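The values are calculated or read from the model by the stated rules, or taken from the named source; none is laboratory data. Since the structure is predicted, the reported quantities are computational estimates derived from the model, not experimental observations. Cβ placement follows ideal geometry from the backbone for every residue including glycine, while neighbour counts extend to all protein chains displayed.
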């Protein structure tokens, strides 16, 4: 049976995903949950500035763009929808909360797991705010070290929401020890590890921990392509994952963009196109065959985000 993908303009078949960038950003506001809001930026300016960067990748053959900006960090689904109309890309947005200070709204500390999950589930079933636009995955975030009370709570909320909606959970994690803790919580809630993405897995040097996460079946997202010092590290991790037969769990992206609210003209934008023009050639130079490149850029993202 063919699986579906939930984009900001509706459902598509997973076969329509094509080349996919699974972790990028159009717009981000890091002022904090209690101060952020749509009053802080001009949507038309954001669209005009970011449109050429999306058009570039559309011309290079990218079909799907996954925007990982969560609520309270300037998630604006109307902007995403307008960019779809201008580029004909598939774009996915998310529900969930970024579980790091100062991006957690006050109500998240006092609301129950069920109350928070109900909100995320409602967005998935009815749409975000009054737009009718539905999320295609759940976005969360944690710091390193042991779970704080709020971090664990939000992972539990994500588990409840995922069980109800079948949406994949992507967690800004960075550290293998924390990834293993997250997988334990998800297991307690009967969430299949294949429904969880270890975001920023390339940040840490402990490849043995990445392999432990991969062994449990989770997605390993290497999303620092183009960032200083990351490309060679990512290529090395890819080699190791292939050698250990985990090529079916690799996701690749840049964590690039974006319009930074509060900076003149959105600040310095990192383009999305180098993934196609520079990193894919680097994969070929590494001796990675076309079928694997197809798997990393098309097949794996389609499976990871499918319902």
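Tabulated data
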{"quantity": "Given (1) outside any helix (DSSP H, G or I); (2) more than 20 Å from residue 67 (Cβ to Cβ); (3) in contact (Cβ under 8 Å) with a residue 12 or more places away in the chain, index of the condition residue 245 fails", "calculated": "(3)"}
{"quantity": "Test: residue in the range 95-115 that is at pLDDT 95 or above, assigned to a strand (DSSP E or B), in contact with a helix residue (DSSP H, G or I) (Cβ under 7 Å, 6 or more places away or on another chain) and surrounded by 15 or more Cβ atoms within 10 Å (Cβ to Cβ)", "calculated": "yes"}
{"quantity": "The range 32-49, residues that are in contact (Cβ under 8 Å) with a residue 40 or more places away in the chain and out of contact with any helix residue (DSSP H, G or I) (no Cβ under 7 Å at 6 or more places or on another chain)", "calculated": "32, 33, 34, 36, 40, 41, 45"}
{"quantity": "Residue 255 vs. criteria outside any helix (DSSP H, G or I) and touching a residue at least 40 places away in the same chain (Cβ under 8 Å)", "calculated": "yes"}
{"quantity": "Qualifying residues in the range 272-301 (those that are closer than 22 Å to residue 50 by Cβ and under 17 Å from the mean Cα position of the chain (by Cα)) - the one surrounded by the fewest Cβ atoms within 10 Å (Cβ to Cβ)", "calculated": "275"}
{"quantity": "Candidate set from the range 32-61 (those that are under 23 Å from residue 96 (Cα atoms) and surrounded by fewer than 17 Cβ atoms within 10 Å (Cβ to Cβ)); member that is nearest to the chain's Cα centre (by Cα)", "calculated": "32"}
{"quantity": "Members of the range 171-192 that are in a helix (DSSP H, G or I) and under 16 Å from the mean Cα position of the chain (by Cα)", "calculated": "179"}
{"quantity": "Residue within the range 109-125 that is out of contact with any strand residue (DSSP E or B) (no Cβ under 8 Å at 6 or more places or on another chain) and farther than 30 Å from residue 180 by Cβ present", "calculated": "yes"}
{"quantity": "Considering residues of the range 209-224 that are in contact with a helix residue (DSSP H, G or I) (Cβ under 8 Å, 6 or more places away or on another chain) and part of a helix (DSSP H, G or I) only, the residue farthest from residue 272 (Cα to Cα)", "calculated": "212"}
